[in-house]
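Taking it in order: structure first as structure tokens, then the write-up.
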Amino acid sequence: RLPRAPLAAALGDRLRWVHSFFVGGDALAAFSQSFLIPRGIPLTNGRGAFSSSLAEYITAAVLHFNKRVPACEANRAAKRWDKFVMPVVRKRTVAFFGFGSIAQSAAHILGPALGMRVIAVRRTEAEHPLANEVATFQNAEAVLAVADYVVSTLPGTEETKDFFGPERFGQMKQGAVFVSCGRGMVVDEDALADALSEGGRLAGAALDVFKVEPLPQSSRLWDCENLLMTAHNADYTEDYFELGWEVFAENLAAFVEGKPLKTLVDKEKGY
């Protein structure tokens, strides 16, 4: 891995385009602001490459808590025959904060296939075929009050840092489930641990991304029994590199042919 500043200086005026294998742009934010933006150099990312696997993860997380999988495992361990009424997700509400490629892929499963009511929270209120309702971030409190499942696929920017903190967890519906597989920096992890504690707001949560990775052993999240955790590997599939390469190849072909790049990043916004 070459230092970005010396590499950019060595390339000088020959640099015409930068591609990031990953979707998240926060790691390139400083480089983008100091070098790419002043020179008008386009930046693309791996948007869409891993949406399918992350949509499966979101679906699995929703069903994990809806079907009371932890309780089922506890019953087996205790040799307890507990014929409880099995919940269903049909007609339940899932709210996506951020409605890009990942969220849309998940909404396609949870909405049309499983019958959930989908709310998309994003910058504009423009209608979307995969959402029953679209809201802006200014209406976040009203959305959180009715959502049974809250899914964060937000990008990592200064605007979204600790977006989900004590206030927003407190606004969530009692017994809601929180799922995060966008960027770890958008979640105040201590506030989440409080919300997951006994008597807290949330029934459960699923996290694939964290502020510091690997997650420090001192983190309170390790002790949250109602937390489903994965090591930022929800998108690390057998064809991970092939999928990422395909997106790069599509952009490369467009670049060579002088056509618009496929996954152009808005460098000012960071995604």
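The values are calculated or read from the model by the stated rules, or taken from the named source; none is laboratory data. Note that the structure is predicted; figures quoted are calculated from it, not measured. We place every Cβ from the backbone using ideal geometry, glycine too, and count neighbours over all the protein chains shown. Ligands, DNA and RNA are excluded from the accessible area calculation, which covers all protein heavy atoms including side chains. Shrake-Rupley method; radii C 1.70, N 1.55, O 1.52, S 1.80 Å.
Given the criterion β-branched (Val, Ile, Thr), more than 30 Å from Phe21 (Cβ to Cβ) and outside any helix (DSSP H, G or I), identify the matching residue among Val134, Val209, Val143, Val179.
Being β-branched (Val, Ile, Thr), more than 30 Å from Phe21 (Cβ to Cβ) and outside any helix (DSSP H, G or I) holds for just one of Val134, Val209, Val143, Val179, which is Val134.
Could you please find all residues in the range 212-226 being assigned to a loop (DSSP other than H, G, I, E, B) and either open to solvent by 80 Å² or more (accessible area, probe 1.4 Å) or of a type outside the set (Gly, Ala, Ser) (or both)?
Passing the criteria: Val212, Glu213, Pro214, Leu215, Pro216, Gln217, Ser218, Cys224, Glu225, Asn226.
Asp235 is checked against (1) within 29 Å of Lys67 (Cα to Cα); (2) touching a residue at least 60 places away in the same chain (Cβ under 8 Å); (3) not in a loop (DSSP other than H, G, I, E, B) and fails just one. What number does that condition carry?
Result: Asp235 fails condition (3) only.
Return yes when Val143 is more than 28 Å from Gly46 (Cα to Cα), among the β-branched types (Val, Ile, Thr), open to solvent by less than 20 Å² (accessible area, probe 1.4 Å) and modelled with pLDDT of 95 or more and no when it is not.
yes
Kindly list, by first and then second residue, each pair from a residue in the range 128-140 that is more than 18 Å from Ser152 (Cβ to Cβ) and free of Cβ contacts under 8 Å to residues at least 40 places away in the same chain to a residue that is open to solvent by less than 20 Å² (accessible area, probe 1.4 Å) and assigned to a loop (DSSP other than H, G, I, E, B), limited to pairs with Cβ atoms under 9 Å and residues at least 6 apart or on different chains.
Listed pairs, sorted by first residue: Asn132/Met116.
Condition check ((1) farther than 15 Å from Val150 by Cα; (2) part of a helix (DSSP H, G or I)) across all residues:
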{"residue": "Gly24", "(1), (2)": "yes, no"}
{"residue": "Phe31", "(1), (2)": "yes, yes"}
{"residue": "Gly46", "(1), (2)": "yes, no"}
{"residue": "Ser52", "(1), (2)": "yes, yes"}
{"residue": "Val62", "(1), (2)": "no, yes"}
{"residue": "Pro70", "(1), (2)": "yes, yes"}
{"residue": "Glu73", "(1), (2)": "yes, yes"}
{"residue": "Lys79", "(1), (2)": "yes, no"}
{"residue": "Gln104", "(1), (2)": "no, yes"}
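Collect the residues in the range 182-206 that are in a loop (DSSP other than H, G, I, E, B) and either open to solvent by less than 10 Å² (accessible area, probe 1.4 Å) or of a type outside the set (Ser, Thr, Tyr) (or both), keeping them in residue-number order.
Gly182, Arg183, Asp188, Glu198, Gly199, Gly200, Arg201
Looking at the range 101-120 only, could you name the residues that are open to solvent by less than 40 Å² (accessible area, probe 1.4 Å) and out of contact with any Ser or Thr (no Cβ under 6 Å at 6 or more places or on another chain)?
Ala106, Ala107, Leu110, Gly111, Gly115, Met116, Val118, Ile119, Ala120
Which condition does Leu243 not pass, out of (1) touching a helix residue (DSSP H, G or I) at 6+ places or on another chain (Cβ under 6 Å); (2) touching a residue at least 40 places away in the same chain (Cβ under 8 Å), if it passes all the others?
Result: Leu243 passes all but (1).
Among what's in the range 35-75 and is farther than 25 Å from Val179 by Cα and free of Cβ contacts under 8 Å to residues at least 24 places away in the same chain, pick the residue that is surrounded by the most Cβ atoms within 10 Å (Cβ to Cβ).
In this case the residue turns out to be Pro38.
Quick one: Leu36 ticks every box in (1) touching a Pro at 6+ places or on another chain (Cβ under 9 Å); (2) at pLDDT below 95; (3) under 23 Å from Glu213 (Cβ atoms) except a single one, so which number is it?
Every condition holds for Leu36 apart from (3).
Exactly one condition in (1) open to solvent by 20 Å² or more (accessible area, probe 1.4 Å); (2) part of a loop (DSSP other than H, G, I, E, B); (3) at pLDDT 95 or above; (4) not small (Gly, Ala, Ser) is not met by Leu154; state its number.
The failed condition is (1).
Tell me, yes or no, whether the range 158-165 has at least one residue that is open to solvent by 20 Å² or more (accessible area, probe 1.4 Å), more than 17 Å from the chain's Cα centre (by Cα) and modelled with pLDDT of 95 or more.
no
Kindly provide the set of residues from the range 227-241 that are of a type in the set (Asp, Glu) and open to solvent by 100 Å² or more (accessible area, probe 1.4 Å), ordered by number.
Glu238
Go through (1) farther than 20 Å from Val187 by Cβ; (2) modelled with pLDDT of 95 or more one by one and return the number of the condition Glu125 breaks.
(2)
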